[in-house]
Amino acid sequence: MSLDPHRGYDLIGDIHGCARTLERLLERLGYSRQDGVWRHPLRMAIFLGDLVDRGPGIREVLHLVHDMVRAGQALCIMGNHEFNALGWSTPAPPGSGRQYVREHSPRHQRLMRETLAQFEDHPQEWREFLRWFYEMPLFIDAGRFRVVHACWDAELITPLKAQFPDGCIDEHFLQAAAVPGSFANMALDRLLRGTDMRLPHGLTLTSGDGFTRSYFRTKFWEENPQTYGDIVFQPDALPELAAQTPLTELQKDELLRYGAHEPLLFVGHYWRRGKPAPIRANLACLDYSAVVGGRLVAYRLDQETRLDAGKFVWVDVDPQEAPR
């Protein structure tokens, strides 16, 4: 995707229905509402996905971002929650062993509950937004910087670009993701959810949201990790036994590594906490747990080729925008 190299971009992390907080952040960034659309005279917003689920203002967020995109004031990539919404409403292909691309399990129902409730009286609107989700690219490669919801994996993005030059998938590709081990399944899982690894010694962990898992999310840039604890990248700490367990040489070789000299990369997805800052000079995560009482974070990108800690901008989320 070619972007104006002379324009400034404001990259904004996961919103999850925190509409009032988003408006406060846009105001802080110098945007104002004109003719019903938030605009900036010199800059453009780039949203990193996960507009939906959890928060009380999902409809409002979707309208705001959609109107900005339509007016040429913003771009928005797909997050795993937009993909989940598409999968929830799309029949699975014959022979896949499931009814929908995203199974209607109690856990998935819980994640979708707030979005579905807020659109219960607006079914036509919801159908239109689902169609719009297909217009959200999975990634943006602007040359000097890149944007993806969770993880940049060149070995998957290169063939994706060949199939979908604009990064926007279609319903056939979405349905193919229902088949474990398919290219669609691997690509969407990696780009929208990141890398993971099974916990050692048969251990599990129960996350803050009550789900018990045998896998944990991993860093995709660590150059010389020695233990499981060196590669964990999620809010929930590993059990001490797991954290201290050495990685095997095979495990180290199989880890994805986004190089320190590659273009700037912006991701969301990972529920960070604390004061926003670069992970390293060419990598930033902009998801700071807005919808669970954290911060909604932006990075003001100009012509720099190394990230500047002073260019993160954020607002604390209003407690009223915590999940109901």
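For the reader, a short list of remarks on this structure follows.
- Look at where the Cα atoms of the stretch 1-62 and of the stretch 86-129 average out, and the two centres are 25 Å apart.
- Computed 3J(HN,Hα) for the stretch 253-263, one whole-Hz value per residue from the Karplus formula 6.51 cos²θ - 1.76 cosθ + 1.60 where θ = phi - 60°, is 5, 7, 5, 6, 9, 8, x, 5, 9, 7, x, glycine and proline marked x.
- FRET efficiency estimate (nearest 0.05) - Cβ-Cβ, Glu223 to Arg28, R0 41 angstrom: 0.70
- Percent accessible area from carbon and sulfur atoms, the stretch 53-152, protein chains only, probe 1.4 Å: 47 percent
- Measure of compaction for the stretch 111-266 (Cα Rg per 2.2 N^0.38 Å): 1.21
- Virtual spin-label span in nm between Ala277 and Lys161, 7 Å along Cα→Cβ: 3.3 nm
- An oblate overall shape is assigned to the stretch 182-324, the ratio a/c of its alpha-carbon gyration tensor axes (a ≥ b ≥ c) being 1.5 or greater and a/b not exceeding b/c.
- Extension gain, Arg107-Asp67: 0.36 nm per intervening residue step, less the Cα-Cα distance, totals 11.3 nm.
- Cα gyration tensor category, rounded, prolate or oblate, for the chain with a/c compared to 1.5: rounded
- Here the accessible area of the stretch 164-314 is 52 percent carbon and sulfur, with a 1.4 angstrom probe and all protein chains present.
- Largest GNM mean-square fluctuation across Ile12, Ile279, Ile46, computed for the chain with C-alpha springs under 10 Å, falls on Ile279.
- The antiparallel fraction among DSSP beta bridges confined to the chain stands at about 65%.
- Charge dipole (Cα centre; +1 on Lys/Arg Cβ, -1 on Asp/Glu Cβ; no other charges) of the chain amounts to roughly 360 debye.
- Coil-residue GluC sites (Glu not before Pro) of the stretch 143-227, DSSP, other Cβ within 10 Å capped at 12: Glu223
- Accessible area expressed per residue, the chain, with surrounding protein chains retained (probe 1.4 Å, Å²): 44 Å²
- In Hz, Karplus ³J(HN,Hα) per residue of the stretch 229-236 (6.51, -1.76, 1.60; θ = phi - 60°; x = Gly, Pro): x, 6, 10, 5, 9, 6, x, 8
- When the charge dipole of the chain is built from unit charges on Cβ atoms (+1 for Lys and Arg, -1 for Asp and Glu) and taken about the Cα centre, the candidate among Thr206, Val317, Tyr258 whose Cα reaches farthest toward its positive end is Val317.
- Cα gyration tensor shape of the stretch 44-179, rounded if a/c is under 1.5, else prolate or oblate by comparing a/b with b/c: oblate
- Amide H contacts of Leu264 (H built 1.01 Å from N, under 5 Å, at least 5 apart or other chain): Arg146
The values are calculated or read from the model by the stated rules, or taken from the named source; none is laboratory data. All values derive from a computational prediction rather than experimental measurement. Every residue, glycine as well, gets a Cβ built from its backbone with ideal geometry; the counts of neighbours run over all protein chains shown. All accessible areas refer to the heavy atoms of the entire protein, side chains included, with ligands and DNA or RNA removed. Shrake-Rupley method; radii C 1.70, N 1.55, O 1.52, S 1.80 Å.
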